[in-house]
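Chemist: Can you read through this structure? Questions will come right after.
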Amino acid sequence: MQAIVVLVFLAPPSPDAAAQKDVARLDGSWTVTAAEVKGKKLDQPPLQRVVFASGKAGEAAGKEKGAKAFTYTLDPGKTPKVIEAVAAGDAGKGVRMVGVYEVGADTLRLCLSAGGTPPAGFRADNDAVLLELRREKR
């Protein structure tokens, strides 16, 4: 089985103005700078990059070697903000992630777990993984 080195989130259409604002803020490539699982920092993150993209850029990123593409929705009205993602394409049918996110100008924190309820905060408890990311230069 090939390791996932790039996680690609394909931008969703949304009538919600707050969600669209965060979609725009997330757009681009992010390098994983730190990762934590079950409360322990990892020496080697489980993946290298996370890409948020739409249209042709999203399609191209999803075809990179080692990429796994997901479509996603945001709920910026919750505290912390919530992201839900479902694997794109037939190969990942039914694979679902849910998590919380916090996006700054050049930083992003994601705490993701498989399906179910989003983590209550930015803690890598149970099956959640906490990722800290830095925006790549455009």
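Chemist: Given 0.36 nm per residue, what is the gain on full extension from Asp125 to Gln20 after removing their alpha carbon distance, in nm?
Modeler: 34.9 nm
Chemist: Okay, moving on. What is the packing order of peptides 126-137, 31-42, taking the mean over residues of other C-beta atoms within 10 Å and listing the highest first?
Modeler: Sorting 126-137, 31-42 by mean packing, highest first, produces 126-137, 31-42.
Chemist: Show the residues, 5+ positions off or on another chain, whose built amide H is closer than 5 Å to the amide H of Lys81.
Modeler: It is Tyr101, by chain and number.
Chemist: Further question on the same structure: With every atom except the alpha carbons ignored, what do you get for Rg and Dmax of the range 1-54, in angstroms?
Modeler: 13.9, 40
Chemist: Let a ≥ b ≥ c be the square roots of the eigenvalues of the Cα gyration tensor of the chain; is it rounded (a/c under 1.5), or, if not, prolate (a/b larger than b/c) or oblate?
Modeler: Cα axes put the chain in the rounded bin.
Chemist: Between the range 1-66 and the range 107-137, what's the alpha-carbon centroid distance in Å?
Modeler: A separation of 11 Å, based on Cα centres.
Chemist: Here is a follow-up. At 222 nm, what helix-only mean residue ellipticity would the chain give, in deg cm²/dmol to the nearest 500, using -39500 (n - 2.57) for each DSSP H run of four or more?
Modeler: For the chain, the value works out to -3500 deg cm²/dmol.
Chemist: Let me ask you something else. Would you work out the charge dipole size for the chain about its Cα centre, treating the Cβ of every Lys and Arg as +1 and the Cβ of every Asp and Glu as -1, and quote it to the nearest 20 debye?
Modeler: In debye, rounded to 20, the chain gives about 240.
Chemist: What Kirkwood Rh does the range 47-125 have if only Cα atoms enter the pairwise 1/r average? Answer in Å.
Modeler: Computed over the range 47-125, the radius equals 13.5 Å.
Chemist: Find which of Pro80, Val98, Gly55 sits farthest along the positive direction of the dipole of the chain, computed with +1 on the beta-carbon of Lys and Arg, -1 on that of Asp and Glu, about the Cα centre.
Modeler: Gly55
Chemist: Could you work out how much longer the chain between Val86 and Glu102 gets when fully extended? Use 0.36 nm per residue separation minus the Cα distance between them, nm to one decimal.
Modeler: Extra length from Val86 to Glu102 when fully extended: 3.8 nm.
Just so you know, all these numbers are worked out from the coordinates, no wet-lab data involved. Here the structure is a predicted model, which is why all the values come from computation and not from measurement. As a convention, Cβ positions derive from the backbone with ideal geometry for all residues, glycine included, and neighbour counts pool all protein chains shown.
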